[in-house]
Number of protein chains: 2
Amino acid sequence: MSIKDFTPSRRQLLSAIGTTAGSAAAMQAMAVLGHAAESRFTGPPQLTGTRKGASVLVLGAGLAGLVAAYELNKAGYKVRLIEYQGRPGGRNWSLRGGDTHVEVGGAVQKVEFAPGNYLNPGPWRIPHHHKTLLHYCRLFNVALQPFIQMNHNAYVHQTDAFGGKPMRYKEVATDFKGHVSELMAKAINQGSLDDKVSKEDKERLLEAMRSWGVLDKDMAYTSSLKVSAQRGYDLPPGGGVGGAPTPSAVASLSDMLDSKVWNQMGFYFNYVMQTTMFQPVGGMDMVGKAFAREVDHLITYNAKVTKIAQNAKGVTVTCEDMATGAVSEAKADYCVCAIPASVLSQIEMQAGDKMLASLKAVNYSASVKTGLEFKRRFWEEDEAIYGGHSFTNQPISLISYPNYNFFKDGPAVLLGSNAGGLGGSLLGGMEPAARIEAILAQGEIIHPQYRQEFMSGVSVAWGRVPWNMGGFSRWSDEARKDHYANMIAMDGRIVLAGEHASYIGGWMEGALTSAIDAITRLHKRTQEA
Amino acid sequence: MSIKDFTPSRRQLLSAIGTTAGSAAAMQAMAVLGHAAESRFTGPPQLTGTRKGASVLVLGAGLAGLVAAYELNKAGYKVRLIEYQGRPGGRNWSLRGGDTHVEVGGAVQKVEFAPGNYLNPGPWRIPHHHKTLLHYCRLFNVALQPFIQMNHNAYVHQTDAFGGKPMRYKEVATDFKGHVSELMAKAINQGSLDDKVSKEDKERLLEAMRSWGVLDKDMAYTSSLKVSAQRGYDLPPGGGVGGAPTPSAVASLSDMLDSKVWNQMGFYFNYVMQTTMFQPVGGMDMVGKAFAREVDHLITYNAKVTKIAQNAKGVTVTCEDMATGAVSEAKADYCVCAIPASVLSQIEMQAGDKMLASLKAVNYSASVKTGLEFKRRFWEEDEAIYGGHSFTNQPISLISYPNYNFFKDGPAVLLGSNAGGLGGSLLGGMEPAARIEAILAQGEIIHPQYRQEFMSGVSVAWGRVPWNMGGFSRWSDEARKDHYANMIAMDGRIVLAGEHASYIGGWMEGALTSAIDAITRLHKRTQEA
């Protein structure tokens, strides 16, 4: 190791960069060094030369509709944004004390959370590489704070592993790599991989296994203080007299396999789940509200779209006022339709068969997200869990801990379920009260404090959300192949936008990038017309 | 998967808990469920029945001395705290614009950081299980914010790997588990582990390898969109037209091994490094300042201890006023000496040979920590790195990104070096200006923007810090065996405290737990006397 120990050619390159000016040179250097782009985002759309008086109707004030309205308005279009609900944001949504949530079927939940506490029923975390969203958060002064994703101290729970006892992630993940590395070292040492790995790489692999797996001098994974310095101690180190720690016992290979901890290890490696993630301070709906501050004068709330018609001259959208029932028509040159496919497929729209078919081709998740308020932050106080998720194979799927007001006294809200698939169907099929009872029964397996500390809960079953009829889009590979191009292609004077019209399904970034692409194409069309 | 799919015996147990009251029952339940304690901390010391008029001299206003003074004063002792420097906290320290740092040898550095920016030259992160420290932060209203430890998007750099090109952690770590799992699957499939693993576990291991390694249908680790959904894409997914992503190329086994990424993978698994970690809002010295607010009236600043004497009746400490040179004596019944062993070993102290020998038996690190201020947060803006560390085998060892003011415009300070071992010696041996130049030269290998954006820096070489003469204690196993008990044993009327007198060396928690143990024993002694 020496301070001169770097490659001369790189040094020359970097020195040359130092003589040129500005961040563009640095970015160019990054490209020279071969770093892939983290995002396609290179700045907001540049829509210039807008034809005077050109008008656009935007349908749906979710993030796709909001960004379309904002950028089209900025570019000089005459814009009107029509929204079914009485608030902006769509699935960009937070529920707070005093709010009411009514499900399909009529079940009413009144949220009773203490001031400052909230549930984000829809999107709840922002990846560091979702640069379009981050751009608008910065532009509109939406304060962000870290969303703790990975937590070594949260639980991994499988009903049939470790006698049903929840284990700390650090315990089972350390045991996973310990056992895998021990077996790998054995295979290497008995020559099993001689025809696949060079002699030199074998030596390096053994060193990697020893280090990564924390193996002992015999290349075995055994209980020790070194291993406990990863998986936790029986008695942690202390100060003064009796400060010496005692090691914890490692789990057997077979017990470790019961935990299926590789699912969590893989989860944390998922590109969209990787650290560092963020959330808006005060609730996810700060994003939608920030957009709405910019375009509020363009929005008609509480207007249900019942028909979308078009001809060679323009678009006519029929709306019903949700309060009065009054029917009205809105007209414009073009339409950006950012209504979810799950809802739009049920609205009469004058468009080609291909576009209409595409709306029915995409599936929607039916996830169930539930906020539970407790008297105190027992997960922090009793169990040293600050943010992150505990995973379980029960229908609730996980318990996720709040990333705001750490260490504070008083009531706090955690996410008691994020159920998808069969679990989502099971829980979503229940009435809210029964659903919350089931969610408590599952959660107390992980946190025995649940019943003692529970105050109230609110549960959003996305399959029962009247204005969305599902959670987020889930394209099968086959449907994507047959229908995606038809969905996004401009049909006459109508173009669709939303997370369903992107390859970033289920994420706000998908809604924004889809809408920006749609309006960029629409703008180009108006230039050609 | 069913909502009734849990173990009845546990259910009965938990149901029984639900009928008893309060958090104590829940904690007891946790113990029944077999969760190891995350910390030994069960609350602050309970020192009752203090003998009227009993007095204690505490030496050193680092965290050990501060907590000793606070708790002894609270318990009714007459306390005086003597500190060499003009500020409280010791190594709990932050450097800000306007501060001056003078090294042994006389080199002076004037800090030029913009308001609000700082370097924490000493401790800089708080593990979630350091409950003693967290207790006092909460008690004294020290606001904490997350310290981002793990960052999948930061760099892993080895001068002799990938042609010297820094790689993203996600890239090489994904490749590591891909190649390891592929080789493991091969070894399993050719029967190499048949005598070590049951047939059932073999099947489960194969499933684990396929999932964890993201192997293809032939159990090979190859470039694909699935793999790119962990290691990153060549072209990430987007919205609308052309939204489909393209995969990145995976590295070969041999190239991956060059990166030695298992060092970082192990680092993140280290018990004291595991998520979730915290830092005080505004700088680490908020902790020392908070303690000082409580005991400020007890502190004599700028007083150099030159002699510590004791007899059957009490302790006499000789001090020199750093401003006037005036010599004075302080007397008390007992002494808690929280001066670092590196300094105390050079002070005349009337104590047994065993205690004196113990002070020379413990080594100190000579790490070099450097704050660099840049015109803008290019690591965020250009590279989507928010907090966390990039690692390198150059002497600087790492670059660590600030965990406050994310997304903000204007100057920001990152940690440009955390050099230990040989790297610390190399950099610590240079004068500050040359040291910062070397640190920039190493850092620009990872961030080509360095020279363009650099404003100023300040570097703390702990081997040259006059009041500490080293960074933090590093006990060898042998020295610990021979000397630790002698160090912590009360010697007449003197008891030592500090991170060196703990098994949590180098951490504030070690200082606090050591001091609490020391005063608890001292208190007991006074009860017996």
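Points worth noting:
- Members of the range A:147-165 found to be more than 25 Å from the chain's Cα centre (by Cα) and either among the charged types (D, E, K, R) or more than 8 Å from every other protein chain (Cβ to nearest Cβ) (or both), listed by number: A:D160, A:A161, A:F162, A:K165
- Checking each residue in the range B:72-104 for being of a type in the set (A, V, I, L, M) and under 27 Å from B:I519 (Cβ atoms) picks out B:L72, B:A75, B:V79, B:L81, B:I82.
Okay, residues lined up against (1) of a type outside the set (D, E); (2) surrounded by fewer than 24 Cβ atoms within 10 Å (Cβ to Cβ); (3) more than 30 Å from A:E373 (Cα to Cα); (4) out of contact with any Cys (no Cβ under 8 Å at 6 or more places or on another chain):
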| residue | (1), (2), (3), (4) |
| --- | --- |
| A:Q442 | yes, no, no, yes |
| A:S459 | yes, no, no, yes |
| A:A485 | yes, yes, yes, yes |
| A:I488 | yes, no, yes, yes |
| A:Q527 | yes, yes, yes, yes |
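- Residues being buried (at least 20 other Cβ atoms within 10 Å of the Cβ) and in contact with a Leu (Cβ under 9 Å, 6 or more places away or on another chain) - total across the range A:271-284: 4
- Scan of the range A:130-175 for residues that are hydrophobic (A, V, I, L, M, F, W, C), buried (at least 19 other Cβ atoms within 10 Å of the Cβ) and farther than 25 Å from B:H129 by Cα, ordered by number: A:L133, A:L134, A:C137, A:V142, A:L144, A:A161
- If the condition is being of a type in the set (K, R), touching a residue at least 60 places away in the same chain (Cβ under 8 Å) and away from chain A (no Cβ under 14 Å), then the range B:333-383 contributes B:K354, B:K369.
- Selection from the range B:442-455 of residues that are in a helix (DSSP H, G or I), more than 7 Å from every other protein chain (Cβ to nearest Cβ) and over 14 Å from B:H157 (Cα atoms): B:Y450, B:E453
- Considered as a group, the residues in the range A:217-230 that are under 21 Å from B:F176 (Cα atoms) and not aliphatic (A, V, I, L, M) include one that is nearest to the other protein chains (Cβ to nearest Cβ), and that residue is A:Q230.
- Matching helices (runs of 4 or more DSSP H) fully within the range A:218-309 where at least 3 residues are free of Cβ contacts under 8 Å to residues at least 40 places away in the same chain: A:225-231
- Count - residues of the range B:313-336 that are part of a loop (DSSP other than H, G, I, E, B) and farther than 21 Å from B:L72 by Cβ: 5
- Candidates are the residues of the range A:400-418 that are of a type in the set (A, V, I, L, M, F, W, C) and over 15 Å from the mean Cα position of the chain (by Cα); the one that is nearest to A:R168 (Cα to Cα) is A:L414.
- Matching residues in the range B:388-425 - criterion: being in a loop (DSSP other than H, G, I, E, B) and among the small types (G, A, S): B:G388, B:S397, B:G410, B:G420
- Whether a residue is more than 8 Å from chain B (Cβ to nearest Cβ) and in a helix (DSSP H, G or I) was assessed, and A:I439 passes this test.
- The range A:359-384, subset in contact with a Leu (Cβ under 8 Å, 6 or more places away or on another chain) and of a type outside the set (S, T, N, Q), residue surrounded by the most Cβ atoms within 10 Å (Cβ to Cβ): A:V368
- Residue within the range B:211-225 that is outside the structural domain of B:A384 (by TED's automatic domain parsing), out of contact with any strand residue (DSSP E or B) (no Cβ under 9 Å at 6 or more places or on another chain), polar (S, T, N, Q) and surrounded by fewer than 17 Cβ atoms within 10 Å (Cβ to Cβ) present: yes
- So A:D201, is it surrounded by 17 or more Cβ atoms within 10 Å (Cβ to Cβ), farther than 30 Å from A:Y404 by Cα, of a type in the set (D, E) and free of Cβ contacts under 8 Å to residues at least 60 places away in the same chain: yes
The values are calculated or read from the model by the stated rules, or taken from the named source; none is laboratory data. Note that the coordinates shown come from a computational prediction; the quantities given were computed from them, not determined experimentally. With ideal geometry, Cβ positions are generated from the backbone for all residues, glycine too; neighbour counts draw on all protein chains shown.
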